[in-house]
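Here is the structure we will look at, set down as structure tokens.
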Amino acid sequence: MTDPVIRVVNVRKQFGDIVAVDNIRFDVPLGSTTALLGGNGAGKTTTLSMLLGLLLPTSGEITIFGVNMLRDRYRVLSRMNFSSPYVDLPRRLTVYENLNVYARIYGLPDVKVRLRKLSEELNLDEFMNRPYGHLSAGQKTRVALAKALLNKPELLLLDEPTASLDPDTADYVRGMLERYKARTGATILLASHNMSEVERLCDDVIMLRAGNIVDRGMPSALLKRYGRQNMEEVFIDIARERRIELGLDSRKVTK
Ligand code: ATP
């Protein structure tokens with residue numbers, strides 16, 4: 001078996017009295033698309049921020065591509081990227097200028113060609129020369145995804161990648177992520193509140209509640225275990241602690 005792309009061991013993050021992430025432990029295998037799910041405040045963004053090195057864990061170890069992120073993260077940052085609705089780009093720079101700056105930070109060989117390709121793929125043409133700060137929320141999400149794909153990352157960390165997108169654009173973006181993954185074999189870890197997105201894209205689900213991992217499995221296995229028809233229902237079961245024991249008739253689940 002190949003080594004996992006991400007290994008999280010006993011990671012905890014405390015903000016004063018608040019335990020945002022409570023000694024979690026998980027691996028993300030090479031080539032998987034794994035969902036990090038949980039209700040508001042469950043610890044998803046905090047976990048992703050620690051994986052990126054934007055936040056330091058209070059304790060625990062994070063290894064990505066075999067590299068200890070707390071010691072040597074600069075060795076692997078060029079192999080990964082992220083998008084998040086919570087991280088803004090400079091607002092006065094145009095979309096093109098923003099992407100151009102990031103492309104140069106990543107040391108891309110042919111910036112113009114790469115930006116043209118991403119602009120086509122994410123339909124950025126109409127606002128490429130507008131200041132980033134003037135864009136709508138959905139347009140910003142598309143720019144964040146373009147930024148995330150600039151360096152053709154082997155590992156993509158996506159915090160709500162289709163937040164604020166209309167259903168048609170969200171569907172298009174999901175298709176684009178599927179094609180990117182099929183083409184490159186990239187590993188993806190994504191936080192999402194959209195359960196149909198999770199069923200479509202993800203082969204593995206990690207469920208967080210109050211900073212703890214409370215369940216994990218393939219969407220099909222979770223549907224079976226909870227006796228549910230879709231991930232929306234499974235999510236509600238887990239978020240509301242209506243856990244059932246393995247093997248129990250799902251009709252016995254109390255409402
Ligand atoms: P959502 O679905 O609402 O985005 P989330 O699962 O991403 O939620 P986090 O943003 O990781 O949740 O927050 C986890 C917990 O940590 C919450 O209780 C939150 O209030 C707290 N928290 C996050 N960042 C900070 C901070 N900088 N200072 C204090 N508390 C924080």
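Miscellaneous remarks
For (1) modelled with pLDDT of 95 or more; (2) within 14 Å of the ligand (Cβ to nearest atom), each residue gets a yes or a no:
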residue	(1), (2)
Val28	yes, no
Thr34	yes, no
Ala42	no, yes
Ser49	no, yes
Arg71	no, no
Asp88	no, no
Leu99	yes, no
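- Selection count, segment 229-255, where residues are open to solvent by less than 100 Å² (accessible area, probe 1.4 Å), charged (D, E, K, R) and modelled with pLDDT under 80: 2
- Some residue of segment 66-77 being in contact with an Asp or Glu (Cβ under 8 Å, 6 or more places away or on another chain) and surrounded by 13 or more Cβ atoms within 10 Å (Cβ to Cβ): yes
- Residues that are open to solvent by less than 20 Å² (accessible area, probe 1.4 Å) and either within 15 Å of Tyr172 (Cα to Cα) or out of contact with any strand residue (DSSP E or B) (no Cβ under 9 Å at 6 or more places or on another chain) (or both), drawn from segment 94-123: Asn98, Leu99, Ala103, Val111, Leu115, Leu118, Ser119, Leu122
- Test: residue in segment 173-186 that is open to solvent by 60 Å² or more (accessible area, probe 1.4 Å) and within 16 Å of the ligand (Cβ to nearest atom): no
- Counting only residues that are in contact with a Pro (Cβ under 7 Å, 6 or more places away or on another chain) and of a type in the set (Lys, Arg), segment 86-132 holds 2 of them.
- Qualifying residue in segment 124-146 (condition: surrounded by 13 or more Cβ atoms within 10 Å (Cβ to Cβ) and touching a residue at least 60 places away in the same chain (Cβ under 8 Å)): yes
- Residue match in segment 171-190 (condition: closer than 19 Å to Gly138 by Cα and not in a helix (DSSP H, G or I)): yes
- Selection status of Arg92, under 21 Å from the mean Cα position of the chain (by Cα) and not hydrophobic (A, V, I, L, M, F, W, C): no
- Taking segment 210-228 as the range and being closer than 21 Å to Arg200 by Cβ and open to solvent by less than 70 Å² (accessible area, probe 1.4 Å) as the test, the residues that pass are Asp215, Gly217, Pro219, Ala221, Leu222, Leu223, Arg225, Tyr226, Arg228.
- Residue count for segment 1-26, restricted to those that are surrounded by 21 or more Cβ atoms within 10 Å (Cβ to Cβ) and near the ligand (Cβ under 8 Å from one of its atoms): 3
- Subset of segment 127-170 (residues that are in a helix (DSSP H, G or I), basic (Lys, Arg) and touching a strand residue (DSSP E or B) at 6+ places or on another chain (Cβ under 8 Å)): Lys147
- Filtered by the rule that a residue be away from the ligand (no atom under 16 Å from the Cβ), at pLDDT 90 or above, within 28 Å of Val5 (Cβ to Cβ) and hydrophobic (A, V, I, L, M, F, W, C), segment 133-169 gives Val143, Leu145, Ala146, Ala148, Leu149, Leu150, Leu155, Leu156.
- Among helices (runs of 4 or more DSSP H) entirely within segment 15-112, having at least 2 residues that are free of Cβ contacts under 8 Å to residues at least 24 places away in the same chain singles out 69-72, 95-105.
The values are calculated or read from the model by the stated rules, or taken from the named source; none is laboratory data. Since the model is a prediction, treat every value here as computed from it, not as a measurement. A quick note on method: Cβ atoms are made from the backbone with ideal geometry, for glycine too, and the neighbour counts reach across all protein chains shown. Protein only, heavy atoms only, side chains kept; ligands, DNA and RNA dropped before computing areas. Shrake-Rupley method; radii C 1.70, N 1.55, O 1.52, S 1.80 Å.
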